[in-house]
Each structure stands twice: as C-alpha cells, then as structure tokens.
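Each remark here refers to the structure printed beneath this line.
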Amino acid sequence: MREFNPFLLRHLGIYYMLIASFYNACLGFLAKILSQNLHSFEIVFWRNLIGLFIVLLAIKKDKECDFLRGGHMWLLLFRGFIGVCGMAAFFYNIANAGLSMAFAFYKTAPIFTALIAGFFFAQKLRALSWFAILLGFVGFLLTAQPSGGFALTDIVGIIGGLCSGAALASVHELRKYYKANSIVLSYMIAGTLLMAVLLILGELYPKGSGLLKGVKFSFPNAYEWLLLALVALGGYYFQLYLTKAFAASKKAGIIASISYSDVIFAMIFGLFLGEALPNFIALCGIFVIALSGVLLAKQK
C-alpha cells in the first residue's frame, strides 16, 4: 500500500489552493494573449458558450436537473446575470489594466459578499468584519491611487468586485434550493445571451465608446480556438482544485490567504508579457485587500 508524506497530508489544502491559484492566473494569462485580437466581451462569450455545452453534457450524464423546479427562479436568473457582469469586468480589466491589477480588483469580491450577506440575507456582521470591510476599501484606494478621479479600469474593477461578491452571496443562498449544475447553467446561459447582445450592439454601433468601444463579432481562428479551449480548461481545473482545497482544510482563513497567491502568479505572467510591476503604494494596497479577505474568511 502506498504511503503518503504526513507533512504533505497536513498541508494538502494549501497545495491544492496554490495549484488552483496557478490555474486561475494561467486563465488570465491566456485571456490577455487573446485580447490582442479579440475584445474581452468576445472572449467571455466564447468561454461561456463552450462552458454551456460542458454543463449540458454534465446534466445529461446525471439525468437530473432542478433548473425549473427550485422555486427561486428570479434569484437564479439574478445570479447568472450578476455573475457574468463580474466576469466581463474581470476580463475587460485583464485586457486594459494589466494582469496583476485586474486580479487585485477582482479580489475585492469578498468585501461585497460580506456586505450583501449582512444586508440582504440577514447574516450578522461582527465588529471585526466591519473593520475588514473598511480595510478592503482602503486597499482599493491604495491600489487605484485616484488623482483627480478614477480611471475607467478602476471603476470597472470595483463594479466587477461588487458583481462577483453579489454572485457569491446569491450562490450561498441558492444552494439551499438548487443543485450545483443548475446554478452553473444559469451563469452559462446568462453569459452567452448577454455577451451576444453586446456583440450585436457593437456591430450595429461600431463607433461605440466606453466599454463598447471596439466591440465586434469575429469568428476565432484555429490558434484562438486553442487558446479559448485552454481558457475553459483552466477555469475547470481552477474550480476543481479550489473545491478540493476547501474540502481538505478545516481552516478557511488559511486557504483564503493562500488564494491571493494568484495575484503573485499574475504579476509573474505579466512580466513575461512585458508589463511593469505595480508601484510600492499599489503593492501595499494589494496586500491590504488580501488581509481584508483573510479577516472576513476567519469570521465565517
């Protein structure tokens, strides 16, 4: 019988989380390369379309789906819509703000998850939770460093964090009524339809500004299909090892702290793409955001 290293077994959750973070950073790295030829909304559209077929195959294999029977359809639809908005904001910032900054803004999601869970789902917030939430916003300001106003990527980043936080809070509530595949299905359907609408608007109004600037529909070539498939695969393995990490560890706070390693991996990948490291103040802001997320995880 094969024997496993006791040290490895004791820290299995940490290793799984490091692997998950690496896959998440790989996903961002590939999305950054794709953004050179495809708009970020196109990437989200194709990623969700591929994911939709994967989820439908999984549902067909299980031969059970409570998508129409859970009784909370509006909340399910809300989760799908708001989750896609968060993902679209994340991919937009990957293309326009750089990998490390995009990941840093995305990591503000736990702050909004705590706020939404407290106000809408009656989960009590302790004094330390409120301190962590305030700390997270301080971290955002240090990272964004607004001088005379926020840049579009800063605004998109905080909206993305808000949307992702709302999606996570709604998933916590939806798990009482729906199976995981039904929740994921709502996300994939919403992502495919919403991004399709935005791509159509981009074709109808080619001179669009802001988030719609440069939005168009184009069929990926063979190389882009390969990268899109790898993005979908990276997303799958990220979710797989993320689940394994929390299942293998009794301390969510430790795993939450390790989850911020994807920002470090993103910085390294960014260097390969010729991106500069964030300045010292921004690095301090990223650390403060991570500290905020760890403190919030310890309160759960």
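The values are calculated or read from the model by the stated rules, or taken from the named source; none is laboratory data. Please read these numbers as outputs of a predicted model, since none were measured by experiment. Here Cβ is always computed from backbone atoms with ideal geometry, including for glycine, and neighbour counts include all displayed protein chains.
Pairs linking a residue in segment 17-28 that is surrounded by 24 or more Cβ atoms within 10 Å (Cβ to Cβ) to a residue that is at pLDDT below 90 and not in a helix (DSSP H, G or I), with Cβ atoms under 9 Å and 6 or more positions apart or on different chains, are MET17/SER249; SER21/TYR260.
For every residue, the table says whether it meets (1) over 16 Å from PHE81 (Cα atoms); (2) surrounded by 22 or more Cβ atoms within 10 Å (Cβ to Cβ); (3) in contact with a strand residue (DSSP E or B) (Cβ under 9 Å, 6 or more places away or on another chain).
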| position | (1), (2), (3) |
| --- | --- |
| PHE150 | yes, no, no |
| GLY161 | no, yes, no |
| GLY165 | no, yes, no |
| LEU193 | no, no, no |
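Determine, yes or no, whether PHE265 is touching an Asp or Glu at 6+ places or on another chain (Cβ under 9 Å) and at pLDDT 75 or above. In short, no. Please find, within segment 276-289, the residue that is modelled with the highest pLDDT out of those that are surrounded by 17 or more Cβ atoms within 10 Å (Cβ to Cβ) and more than 12 Å from PHE140 (Cβ to Cβ). Top of the filtered list is LEU283.
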